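Structure record follows, encoded as structure tokens.
The values are calculated or read from the model by the stated rules, or taken from the named source; none is laboratory data. In this text, all values refer to a predicted model and were calculated from it rather than measured experimentally. Every residue, glycine among them, receives a Cβ derived from its backbone with ideal geometry; neighbour counts consider all protein chains shown. Ligands, DNA and RNA are excluded from the accessible area calculation, which covers all protein heavy atoms including side chains. Shrake-Rupley method; radii C 1.70, N 1.55, O 1.52, S 1.80 Å.
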Amino acid sequence: MFAVETLSLSKRYGKTDALRELNFTVDEGEIMVILGPNGSGKTTLLMTLCTILKPTSGTAKVMGIDVVKDGTKVREVMGIAFQEARGFWRHKPSSILKFHASMFDIDPVKRQNLIEQTMKELELWESRDKLFMHLSGGQAKRLETAKVLVQRPKLAIFDEPTSQVDLRGKRKIWDKIRELRDQGSTVIVATNEVREAEYLADRVTILHKGTLVVRDSIPKLKDAIAGGDVVEVGFEDPVADKLVEDLKNLGGILTMSPEGNQLRANVSKAEDWVPRMTSASYNVGAKISTIKITEPSLDDVFLHFTGKSLEENP
Amino acid sequence: MSEFSRFVHIARTDFSYFFRTKWLMAILISLNISDMLVTGLVYKGLVSFDYFRFLVPGIVVMGLFSAATDTGRRIWLALREGVVQYYMTLPVRTSGLVAAYIISGGLGGIVYSGLLLIIAFVVVPPQGIMNAILLLPFLFILATGIAGLAAFFASISRVGEIYWTYAQALQVSMVTISTIFYPASTISQYLPGPIVAIAENNPLSLAASALRDSAFGGSALSTGIVGNLLGVSLPLAGVGALSYWVILRTIRVKGKP
């Protein structure tokens, strides 16, 4: 059974198709990162999974439970941290967390400790006496994340969990999300931040204009870009024509440009090509001084599959 | 925790939120009381004890009205600040969310008017405390009805100013065309018959009359008045619940209220 499964899921707002016939699955116990620019349908998908939105057509199941037919049961097993923090404006963070924990049957004995621990870990403890409406954007966002961490649901959903959060805070949130996965939760993270996706993802789903473009692990997505890895090799002597010929015959190479002592090659899988290149160099007596490998970024992956950059508007 | 416990918990949280705006409530009620006193001055030249006795139950009902209509403000804020969307992710049915808001509105109304009633009993000796206690459940239903009406206005208001306009219009119409400030006999001297009929059957008038007659006057609780109170309040609560339910359904379909 998948933790999440959608079949031909569509959502339309007026004349705009936010999701189009989406078939999407998430395995139990993995972190699935949904990557896409603003307007790609990420939030609509998450809102549908957490039963706030009703699909226009198609079905969606969370832990095997239909989100339309049995919404209350779905809500028992999932928790969501919204893109925009949502809280009772005149409540303190600990009251908000206590309310949330009690709604999800967190053991009252352990509740207080869990809340205190989570607030300390997310650096919210100092702000425990502030009202929600007086929290900074980053604090409110961390509180939003804290709700899900305290809840520890079977399916945890985070919509852009670190937007408005400083660099140190980002790292903490990411680590807590991974910890949540390690404790057995299935996690979905929607983001348009490449670093966040790289840090968190077991697998990535790329959404573009409401459709699923591709879904795989990050290394496989990167490998899917022919010539995506750039290898720059420095030799002690100028690159010989014989070596260039030999390297061309190795295969797996898209372009190669020798220039003086330097050789730059675009290859599909650097991890396969580099050992063969070093052997070939050794065979012709060429001594290597430096090797620099640059992998494609997820932005390159996105560009490759959609023809657009993540930062571009849809 | 059962779904019912969660429902109670949501109602309790919203009810506690009501107390966080207690000073706003106090100011609203003070404004109303000062209106009433000014009216009293105009009505009889000066506030006599008779008029004071007439006015005090009206103040209690006014408190109930102000506190119950605060439900609309809370619903409006919850809709616009996204708290409603948060509620929609909790393991409670939509109908449970609706009922929680309406009931907490009713509780707000009854608690506020109950406190005012206790103060009123200190300044105007009660003749029928038991009657007052018997009236409380009916006042609670009236408060849910007013909360429902406020929820309806919150649901149809896209911007805050519009909601305040509706709320003020509701207050002016329900309080002005009522027997809270003046007896029906006075209204009939200056206004046409249909207006007098509306004022007499206004649920706030019914509640004020029931308090005057049975809690402060010592007469037996009139089943007719109580029946009318229920007859007017329950449909209002129903309309409010339905409109709030519709707005939640709209969010599910359109993504926004």
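Note on the range B:1-27: residues that are of a type in the set (Phe, Trp, Tyr) and not in a helix (DSSP H, G or I) amount to 0. Just one of (1) modelled with pLDDT of 90 or more; (2) open to solvent by less than 60 Å² (accessible area, probe 1.4 Å); (3) not in a loop (DSSP other than H, G, I, E, B) fails for residue A:301. It is (1).
With the structure loaded, tell me whether residue A:95 is touching a residue at least 12 places away in the same chain (Cβ under 8 Å) and polar (S, T, N, Q) or whether it fails that test. Criteria not met by residue A:95. Taking residue A:162 as the residue in question, decide whether it is closer than 25 Å to residue B:81 by Cα, of a type in the set (Val, Ile, Thr) and open to solvent by less than 30 Å² (accessible area, probe 1.4 Å). Taking the combined requirement at face value, the residue satisfies it.
Among the residues of the range B:71-81, none qualifies, meaning not one is in contact with a Lys or Arg (Cβ under 8 Å, 6 or more places away or on another chain) and either away from chain A (no Cβ under 13 Å) or on the phi > 0 side of the Ramachandran plot (or both). Of the residues A:171, A:142, A:152, A:178, which is over 28 Å from residue B:91 (Cβ atoms), basic (Lys, Arg) and open to solvent by 20 Å² or more (accessible area, probe 1.4 Å)? When all the criteria are applied, what remains is A:171.
So, residue A:16, is that one within 14 Å of chain B (Cβ to nearest Cβ) and out of contact with any Pro (no Cβ under 9 Å at 6 or more places or on another chain) or not? So residue A:16 passes the test. Count of the range A:172-199 residues, restricted to those that are outside any loop (DSSP other than H, G, I, E, B) and either free of Cβ contacts under 8 Å to residues at least 60 places away in the same chain or not assigned by TED's automatic domain parsing to the domain that holds residue A:28 (or both), is 10. Of all the numbered requirements in (1) surrounded by fewer than 19 Cβ atoms within 10 Å (Cβ to Cβ); (2) more than 14 Å from chain A (Cβ to nearest Cβ); (3) of a type in the set (A, V, I, L, M), residue B:187 misses one, and that requirement is (1). Scanning the range B:223-244 for residues that are touching a helix residue (DSSP H, G or I) at 6+ places or on another chain (Cβ under 6 Å) and either among the β-branched types (Val, Ile, Thr) or under 15 Å from residue B:157 (Cα atoms) (or both) returns B:225, B:226, B:232, B:239, B:240, B:243, B:244. Taking the conditions exactly as written (open to solvent by 70 Å² or more (accessible area, probe 1.4 Å), more than 14 Å from chain A (Cβ to nearest Cβ) and assigned to a helix (DSSP H, G or I)), does residue B:211 satisfy them or not? The answer is no for residue B:211.
From the list A:237, A:202, A:246, A:216, which residue is surrounded by fewer than 18 Cβ atoms within 10 Å (Cβ to Cβ), acidic (Asp, Glu) and not assigned by TED's automatic domain parsing to the domain that holds residue A:156? Within the list A:237, A:202, A:246, A:216, the selection yields A:237. Going by the structure shown, is residue B:197 buried (at least 20 other Cβ atoms within 10 Å of the Cβ) and either under 19 Å from residue B:93 (Cα atoms) or small (Gly, Ala, Ser) (or both)? It is false that residue B:197 is buried (at least 20 other Cβ atoms within 10 Å of the Cβ) and either under 19 Å from residue B:93 (Cα atoms) or small (Gly, Ala, Ser) (or both). Taken over the range A:53-101, the residue count meeting the criterion of being part of a strand (DSSP E or B) and either more than 8 Å from chain B (Cβ to nearest Cβ) or over 16 Å from residue A:151 (Cα atoms) (or both) is 9.
Of the residues A:162, A:205, A:186, the single one that is hydroxyl-bearing (Ser, Thr, Tyr) and at pLDDT below 95 is A:162. If you filter the range B:90-100 down to residues that are open to solvent by less than 10 Å² (accessible area, probe 1.4 Å) and assigned to a loop (DSSP other than H, G, I, E, B), you find that the one that is farthest from the other protein chains (Cβ to nearest Cβ) is B:92. Just one of the listed residues (B:54, B:49) is surrounded by fewer than 21 Cβ atoms within 10 Å (Cβ to Cβ) and more than 14 Å from chain A (Cβ to nearest Cβ), namely B:49.
Here B:103, B:110, B:180 are screened, and the one residue that is touching a helix residue (DSSP H, G or I) at 6+ places or on another chain (Cβ under 7 Å), modelled with pLDDT of 85 or more and not in a helix (DSSP H, G or I) is B:180.
If you go through the range A:106-122 and pick out every residue that is more than 19 Å from residue A:91 (Cβ to Cβ) and touching a residue at least 12 places away in the same chain (Cβ under 8 Å), you end up with 1. Among the residues of the range A:260-292, write down those that are without any contact (Cβ under 8 Å) to a residue 24 or more places away in the chain, open to solvent by less than 80 Å² (accessible area, probe 1.4 Å) and not charged (D, E, K, R). If the condition is that a residue be without any contact (Cβ under 8 Å) to a residue 24 or more places away in the chain, open to solvent by less than 80 Å² (accessible area, probe 1.4 Å) and not charged (D, E, K, R), then A:260, A:275, A:278, A:279, A:285 are the ones that fit.
When the range A:21-52 is filtered for residues that are free of Cβ contacts under 8 Å to residues at least 12 places away in the same chain and part of a loop (DSSP other than H, G, I, E, B), only A:52 remains.
Among the residues of this structure, residue A:8 counts as one that is in a strand (DSSP E or B) and either open to solvent by less than 10 Å² (accessible area, probe 1.4 Å) or in the same structural domain as residue A:206 (by TED's automatic domain parsing) (or both). On inspection, residue A:105 qualifies as open to solvent by 20 Å² or more (accessible area, probe 1.4 Å), out of contact with any Cys (no Cβ under 7 Å at 6 or more places or on another chain) and within 29 Å of residue B:8 (Cβ to Cβ). Restricting the search to the range A:115-171, which residues are among the small types (Gly, Ala, Ser) and outside any loop (DSSP other than H, G, I, E, B)? Across the range A:115-171, the qualifying residues are A:127, A:137, A:138, A:140, A:146, A:156, A:169.
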